[in-house]
Amino acid sequence: MGNSEQKTTESRALKGRDLITIGIFTALYFVVNFVCMLLSGLHPYLWVFMPALDALLAGIPFMLACAKVPKSGTVLIMGMVPSLVYFITGMFTPLILGMMVGACVVAEVIRAATKYRSFAGNTFAYAVFGFGMCGSPLPLWAFHDSFVAQIAAQGMGTDYLAALETAANPAMLVAMFVTTFVAGLVGAYIARGMFKKHFTKAGLA
Amino acid sequence: MIGEGMTAAGPVPQGGTILGGRPRRGALALDPRTLMGVLLAASALAFMGKGVTAELCLVVAVGLLQTLCGHVRMALGFVAAYAALMGVLYVVFPHVGGAAATMFTISFTFARKIYLCLMTGALLVSDSSVHRISAALAKLKVPQSVLIPLTVTFRYFPTLKEEAAHIRDAMSLRSIPAGSRAECFVVPLVMSATSTADELSRAATCRGIENPAPSTDTERLSMRAADWAVLAISALAVAAVALFGGSA
Amino acid sequence: MRRGKERETVVSLSGVGCTTASGKRILDGIDLDVRRGECVLIIGRSGSGKTTVTKCINGLIPSFESGIELEGQVRVCGLDPSACEMYELAEHVGSVFQNPKSQFFCLTSNDELAFGLETRGVPVDEIERRIEETVEALGAQRLVGRDVSTMSGGEKQSLVFASVDVAQPDVLVLDEPTANLDASSVRALHDEIAAVLAAGKSVVIAEHRLYFAADLADRAVLIEGGRIVREFSPEELFALSDKEREILGLRAVDPAEALKVEVGAAAGRAAGRSGHAAGDRAKAGSGLVLSSFTVARKGMPVFAPVDAAVPRGRVLGVLGENGAGKSTFLRGIAGLERGSLGEVSFDGTPLARKQCRRTAALVMQDVNHQLFSDSVWNECALAIGGRDDGEAASRVRELLGTLDLSGLEDVHPMALSGGQKQRLSIACALLSDRRLLLLDEPTSGLDFDRMVEVARLVRRLADDGACIVLVTHDLEFLNRCCDDVLELACAQGGNGGAHG
């Protein structure tokens, strides 16, 4: 008895318990993300490749959340929570928010199309999800002129401005997206290794 | 900032009420939604062209807002840090140079641009508990399916810190080859996160978290005249900078 | 049955059985009625099905355990848990679980107290009034206005209990609520349960720490192999002889007995007891010697300086009230505390902090933090220095045999039972040639049989030449395996806290 009801309630809609599970894994994701954010302040190139670093390291919480909550919305929430936190703490977020929503929606579509349980599908979704954090260094290009004007006004030499031009040229923008995507694939692959070696064997995924 | 400020209990409510109540630290007691509005204005201002004078006025204005909310030391700290930041950007980096200048010019310039956001964010976070911020977001129609994970995320940070410390201790008692350190750290951490997720889900479900009824606003949030005034001033500031801010 | 006579039935299980997906029958033909205002104790060994009964009442079966097949009829305040939503049931049933760390949802205690009613949309003034009433009735003023992450485990558990009670359920279901608590927290929880009973609510407690709940209960049902095999009145429970009780796998009933230290005088402070007859293995200067040892945090010593000697072959039990720094004491010996003062020496050699970490092995209360590999075998290989060939392999095999872990070589450490994890951790300590074993609350949450097993293991390890220091609040356990007792005192407190 009770099984028929069980079937009907086990829908694709997120329940309270799913939200809590997502919250916990988001905390893990956020810690990785936050550390990458801090590192990105150290050097312009670190900033440009921060999304790639993030994608490389954060595969485990993402893939676990997807495995534990194979429903639509998991990834969107995982992206929105850190964005909200960055907004509340006063990081500049319009671009992060925009990129994150876009990336998460695409990732959700990929997961839905691959029925939520396929490794390849989740890997692809994760690689796309990584674009969300590209919103952080995006001001380098989006507000390029404002940056250059201000740095020049502050009195930095022409050498530096020339170096800045190389860091913020369109080719770097492409490089950022490509490395992020590739790092996402690698990150998911690392996560898969951990699943095989540990999590599946320990009976938790 | 995130680890400390957001996890703290927030201002202790006074006057016999157990729940909610505005922070009563200073002359102004603002609704978190107001500060979120100020944050939006600060984000809009970040990449608008504005002269140094305008920028300085804005920093002082937000510092004043912090002071009025009772955070005098925070205001002084931010204004002093702003002075230091400007000194570094205008004097130290261009004239002294060196590796630090190449490394930090961009991030410091970025920090200067988003300085108002940082100031307002710090005020919001230290003025309101996570619960209060989440209640404010609920009023702004952010769905529970985002707010519950948001709350859980913050609730889990202190636990995560504790677990990580235990695991590091346990590792230091064993001789673990350098190559497998990362794995040895991550695996127990993820395992413990998974079991916490499971146990917390059970406990919260048994306490009715899946109830579809709209939750009570236990923070008793309300927008008052002062809130609207601060919002209006912020909007005016954005308009003024757009029109007469000058370039930079 | 002092209370609850002729009152309505709030929980009724009739012919309830549970079968796992693998076909194992974990509950069989359970008939149990709980009346309003009644306190029913569910007792029995670990794995007997106590927890499963509580899950049938609070709806976790079938809601969370979709693999379990439920049969028979369950009615809780007129609701059928398998046919209603969990939030509907939540208005009538409140649940408290074992682990205080993973049951609270909010960052502040006030928000936590409000949580249940908040999700229901009860008006805020009403919530506030109910919180005030509950806090008053439970005497829980110490819990108000706190940051939950700074609360002790015992306080967290009391907070969870109070929060559940604020929602005014008709029945409270407690699943081994004291498993991770020390004596004073257990006392606090006991009084809070008494207050709830006095208010006319029903309470169902699954426990094997009988002393904690025996005087609250109107009756106790004993579960064995998933069936109710016996029912006791409180008088019958108290009248059980030690022998009968131990045969049934139950812990002491009488608080006076559970909380009595029978081991000889404290080894601590009476420095220089190393010459004491300590078995033939105890040579002079062998084993652990602490002189004026304490740990400072923020410049203040956590506990009064300790002078103690634990020769090889002996077991020192460390007691102390909540917050006396028992765990800090062990961590200090293990070299995990920066501010350790005084001297630690082992086998006659004074140890620096780093050497402590290479000499001692600490089995933490939560042993999950210290198992790192992907199989039992690799965990052992890691401990022995990465080798698992020839001599090393035979050593590992032999040790796994002695610790009752044979046949589990390929299992992932996290898939082991709690006791197996603990033994694996001990195996790793022995394989890396640590002869100073520090155990932190090794019996928390264990039933009688398993506690006795751990006590035997500790004894055997000591007899094989290990030097063992264990922190515990389980006096039944302490009395079974320790040679000496050290009562840790707060640094400011002067002489040691009272017990018994």
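The values are calculated or read from the model by the stated rules, or taken from the named source; none is laboratory data. In this text the structure is predicted, and so the values were computed from the model without any measurement. As a convention, Cβ positions derive from the backbone with ideal geometry for all residues, glycine included, and neighbour counts pool all protein chains shown.
Can C:ASP175 be described as under 20 Å from C:GLU441 (Cα atoms), within 12 Å of chain B (Cβ to nearest Cβ), in contact with a helix residue (DSSP H, G or I) (Cβ under 9 Å, 6 or more places away or on another chain) and acidic (Asp, Glu)?
On the way: under 20 Å from C:GLU441 (Cα atoms): yes; within 12 Å of chain B (Cβ to nearest Cβ): yes; in contact with a helix residue (DSSP H, G or I) (Cβ under 9 Å, 6 or more places away or on another chain): yes; acidic (Asp, Glu): yes.
Here the answer is yes, as C:ASP175 does meet what is asked.
Being hydrophobic (A, V, I, L, M, F, W, C), at the interface with chain B (Cβ under 10 Å from one of its Cβ atoms) and either within 14 Å of the chain's Cα centre (by Cα) or within 16 Å of A:ALA127 (Cα to Cα) (or both) is the filter here, so list the residues in the range A:68-84 that pass it.
To start, the set of residues in the range A:68-84 that are hydrophobic (A, V, I, L, M, F, W, C) comprises A:69, A:75-78, A:80-81, A:84.
Narrowing further to those that are at the interface with chain B (Cβ under 10 Å from one of its Cβ atoms): A:69, A:76-78, A:80-81, A:84.
Answer for the range A:68-84, where residues must be hydrophobic (A, V, I, L, M, F, W, C), at the interface with chain B (Cβ under 10 Å from one of its Cβ atoms) and either within 14 Å of the chain's Cα centre (by Cα) or within 16 Å of A:ALA127 (Cα to Cα) (or both): A:LEU76, A:ILE77, A:MET78, A:MET80, A:VAL81, A:LEU84.
Can you name the number of the only condition in (1) within 30 Å of C:PRO62 (Cβ to Cβ); (2) surrounded by fewer than 24 Cβ atoms within 10 Å (Cβ to Cβ); (3) among the polar types (S, T, N, Q); (4) more than 22 Å from the chain's Cα centre (by Cα) that B:SER175 fails?
Tallying (1) within 30 Å of C:PRO62 (Cβ to Cβ); (2) surrounded by fewer than 24 Cβ atoms within 10 Å (Cβ to Cβ); (3) among the polar types (S, T, N, Q); (4) more than 22 Å from the chain's Cα centre (by Cα), B:SER175 fails exactly one: (1).
With respect to C:GLU128, is the statement that it is assigned to a helix (DSSP H, G or I), within 11 Å of another protein chain (Cβ to nearest Cβ), of a type outside the set (Gly, Ala, Ser) and touching a Ser or Thr at 6+ places or on another chain (Cβ under 8 Å) true? Reasoning before the result, please.
Working: assigned to a helix (DSSP H, G or I): yes; within 11 Å of another protein chain (Cβ to nearest Cβ): yes; of a type outside the set (Gly, Ala, Ser): yes; touching a Ser or Thr at 6+ places or on another chain (Cβ under 8 Å): yes.
Taking the combined requirement at face value, the residue satisfies it.
Pull up the range B:73-92, narrow it to residues that are aliphatic (A, V, I, L, M) and in contact (Cβ under 8 Å) with a residue 24 or more places away in the chain, then point me to the one that is nearest to B:LEU30 (Cα to Cα).
Going residue by residue through the range B:73-92, those that are aliphatic (A, V, I, L, M) are B:74-76, B:79-81, B:83-86, B:88-89, B:91-92.
In the following step, the residues that additionally are in contact (Cβ under 8 Å) with a residue 24 or more places away in the chain were identified as B:74, B:85-86.
Numbers: B:MET74: 16, B:LEU85: 29, B:MET86: 30 Å.
Taking the candidates together, the pick is B:MET74.
Among the listed residues C:ILE426, C:ILE384, identify the single one that is surrounded by 18 or more Cβ atoms within 10 Å (Cβ to Cβ), β-branched (Val, Ile, Thr), away from chain A (no Cβ under 14 Å) and within 24 Å of C:ARG480 (Cα to Cα).
Values: C:ILE384 fails: within 24 Å of C:ARG480 (Cα to Cα).
Being surrounded by 18 or more Cβ atoms within 10 Å (Cβ to Cβ), β-branched (Val, Ile, Thr), away from chain A (no Cβ under 14 Å) and within 24 Å of C:ARG480 (Cα to Cα) holds for just one of C:ILE426, C:ILE384, which is C:ILE426.
Given the criterion among the aromatic types (Phe, Trp, Tyr) and crowded, with 24+ Cβ neighbours inside 10 Å, identify the matching residue among A:TYR86, A:TYR45. Break it down stepwise before answering.
Working: A:TYR45 fails: crowded, with 24+ Cβ neighbours inside 10 Å.
Every option except A:TYR86 fails the conditions.
Say whether the condition of being at pLDDT below 90 and within 27 Å of C:VAL253 (Cβ to Cβ) is met by at least one residue in the range C:7-16.
Checked against the condition, which is being at pLDDT below 90 and within 27 Å of C:VAL253 (Cβ to Cβ), the range C:7-16 yields at least one hit.
Is it true that C:PHE238 is modelled with pLDDT under 90, within 17 Å of the chain's Cα centre (by Cα) and either under 30 Å from C:GLY320 (Cα atoms) or not assigned by TED's automatic domain parsing to the domain that holds C:SER184 (or both)? Let's see the steps before the verdict.
Numbers: modelled with pLDDT under 90: yes; within 17 Å of the chain's Cα centre (by Cα): no; either under 30 Å from C:GLY320 (Cα atoms) or not assigned by TED's automatic domain parsing to the domain that holds C:SER184 (or both): yes.
Criteria not met by C:PHE238.
Is it the case, given these coordinates, that A:GLY98 is part of a helix (DSSP H, G or I), at negative phi and modelled with pLDDT of 95 or more? Talk me through it step by step, then tell me what you get.
Numbers: part of a helix (DSSP H, G or I): yes; at negative phi: yes; modelled with pLDDT of 95 or more: no.
Considered against the rule, which asks whether it is part of a helix (DSSP H, G or I), at negative phi and modelled with pLDDT of 95 or more, A:GLY98 comes out as no.
On the basis of being closer than 25 Å to A:GLY23 by Cα and either surrounded by 15 or more Cβ atoms within 10 Å (Cβ to Cβ) or away from chain C (no Cβ under 14 Å) (or both), does B:ASP217 make the cut? Before you say what the answer is, go through the steps one by one.
Working: closer than 25 Å to A:GLY23 by Cα: yes; either surrounded by 15 or more Cβ atoms within 10 Å (Cβ to Cβ) or away from chain C (no Cβ under 14 Å) (or both): yes.
Yes, satisfied.
Taking the range C:27-52, which residues are farther than 16 Å from C:ALA220 by Cβ and more than 27 Å from the chain's Cα centre (by Cα)?
Selection gives C:ASP28, C:GLY29, C:ARG36, C:GLY37.
Give B:SER145, B:SER234 a once-over and let me know the one that is crowded, with 20+ Cβ neighbours inside 10 Å and either part of a helix (DSSP H, G or I) or in contact with a Cys (Cβ under 9 Å, 6 or more places away or on another chain) (or both). Write out each step before concluding.
Working: B:SER145 fails: crowded, with 20+ Cβ neighbours inside 10 Å.
Sole residue among the options that is crowded, with 20+ Cβ neighbours inside 10 Å and either part of a helix (DSSP H, G or I) or in contact with a Cys (Cβ under 9 Å, 6 or more places away or on another chain) (or both): B:SER234.
Name the single residue that is nearest to B:ALA111 (Cα to Cα) among those in the range A:59-90 being in contact with a helix residue (DSSP H, G or I) (Cβ under 7 Å, 6 or more places away or on another chain) and outside any helix (DSSP H, G or I).
Residue satisfying both the conditions and the ranking: A:GLY90.
Please find, among C:ALA90, C:ALA83, the residue that is assigned by TED's automatic domain parsing to the domain that holds C:VAL203, without any contact (Cβ under 8 Å) to a residue 40 or more places away in the chain and either surrounded by fewer than 18 Cβ atoms within 10 Å (Cβ to Cβ) or within 31 Å of the chain's Cα centre (by Cα) (or both).
On the way: C:ALA90 fails: without any contact (Cβ under 8 Å) to a residue 40 or more places away in the chain.
Selected residue: C:ALA83, the only one of C:ALA90, C:ALA83 that is assigned by TED's automatic domain parsing to the domain that holds C:VAL203, without any contact (Cβ under 8 Å) to a residue 40 or more places away in the chain and either surrounded by fewer than 18 Cβ atoms within 10 Å (Cβ to Cβ) or within 31 Å of the chain's Cα centre (by Cα) (or both).
From the list A:ALA112, A:ALA171, A:ALA107, A:ALA162, which residue is assigned to a helix (DSSP H, G or I), among the small types (Gly, Ala, Ser) and either touching a Cys at 6+ places or on another chain (Cβ under 6 Å) or surrounded by 15 or more Cβ atoms within 10 Å (Cβ to Cβ) (or both)?
Working: A:ALA112 fails: either touching a Cys at 6+ places or on another chain (Cβ under 6 Å) or surrounded by 15 or more Cβ atoms within 10 Å (Cβ to Cβ) (or both); A:ALA171 fails: either touching a Cys at 6+ places or on another chain (Cβ under 6 Å) or surrounded by 15 or more Cβ atoms within 10 Å (Cβ to Cβ) (or both); A:ALA162 fails: either touching a Cys at 6+ places or on another chain (Cβ under 6 Å) or surrounded by 15 or more Cβ atoms within 10 Å (Cβ to Cβ) (or both).
Every option except A:ALA107 fails the conditions.
Would you mention how many residues in the range B:169-188 are within 8 Å of chain A (Cβ to nearest Cβ) and closer than 25 Å to A:VAL85 by Cβ? Please lay out each step first, then the result.
Within the range B:169-188, the first condition is being within 8 Å of chain A (Cβ to nearest Cβ), and the residues that meet it are B:183, B:186-187.
Still in the list and also closer than 25 Å to A:VAL85 by Cβ: B:186.
Here the count works out to 1.
Which of the residues spanning the range A:129-159 are within 11 Å of chain B (Cβ to nearest Cβ), in a helix (DSSP H, G or I) and surrounded by 18 or more Cβ atoms within 10 Å (Cβ to Cβ)?
Scanning the range A:129-159 gives A:PRO139, A:LEU140, A:SER146, A:PHE147, A:GLN150, A:ILE151.
Which of the residues that make up the range C:305-337 are at pLDDT below 90 and either surrounded by 23 or more Cβ atoms within 10 Å (Cβ to Cβ) or touching a Gly at 6+ places or on another chain (Cβ under 9 Å) (or both)?
Residues satisfying the conditions are C:LEU319, C:GLY320, C:GLU321, C:ASN322, C:ALA324, C:GLY325, C:LYS326.
Being at the interface with another protein chain (Cβ under 7 Å from one of its Cβ atoms) and either of a type in the set (A, V, I, L, M) or outside any helix (DSSP H, G or I) (or both) is the filter here; which residues of the range B:148-168 pass it?
B:ILE148, B:LEU150, B:VAL152, B:LEU160, B:ILE167, listed by residue number.
Mind listing whichever residues of the range C:74-94 are of a type in the set (Gly, Ala, Ser), assigned to a loop (DSSP other than H, G, I, E, B) and either within 9 Å of chain A (Cβ to nearest Cβ) or touching a Pro at 6+ places or on another chain (Cβ under 8 Å) (or both)?
Kept after step one, since they are of a type in the set (Gly, Ala, Ser), are these residues of the range C:74-94: C:78, C:82-83, C:90, C:94.
Narrowing the set further to residues that are assigned to a loop (DSSP other than H, G, I, E, B) leaves C:78, C:82-83.
Matches in the range C:74-94: C:SER82, C:ALA83.
Starting from residues that are more than 9 Å from every other protein chain (Cβ to nearest Cβ) and part of a helix (DSSP H, G or I), keep the ones in the range B:84-114 and report whichever is surrounded by the fewest Cβ atoms within 10 Å (Cβ to Cβ).
Our first condition is that a residue be more than 9 Å from every other protein chain (Cβ to nearest Cβ); within the range B:84-114, this holds for B:84-85, B:87-88, B:92, B:96, B:98-100.
Going one step further and asking which of them are part of a helix (DSSP H, G or I), we end up with B:84-85, B:87-88, B:92, B:96, B:99-100.
Values: B:ALA84: 11, B:LEU85: 16, B:GLY87: 11, B:VAL88: 19, B:VAL92: 16, B:VAL96: 10, B:ALA99: 8, B:ALA100: 13.
Residue satisfying both the conditions and the ranking: B:ALA99.
Does C:VAL229 count as buried (at least 21 other Cβ atoms within 10 Å of the Cβ), in the same structural domain as C:GLN98 (by TED's automatic domain parsing) and not basic (Lys, Arg)? Let's see the steps before the verdict.
Values: buried (at least 21 other Cβ atoms within 10 Å of the Cβ): no; in the same structural domain as C:GLN98 (by TED's automatic domain parsing): yes; not basic (Lys, Arg): yes.
No; evaluated as a whole, the condition is false for this residue.
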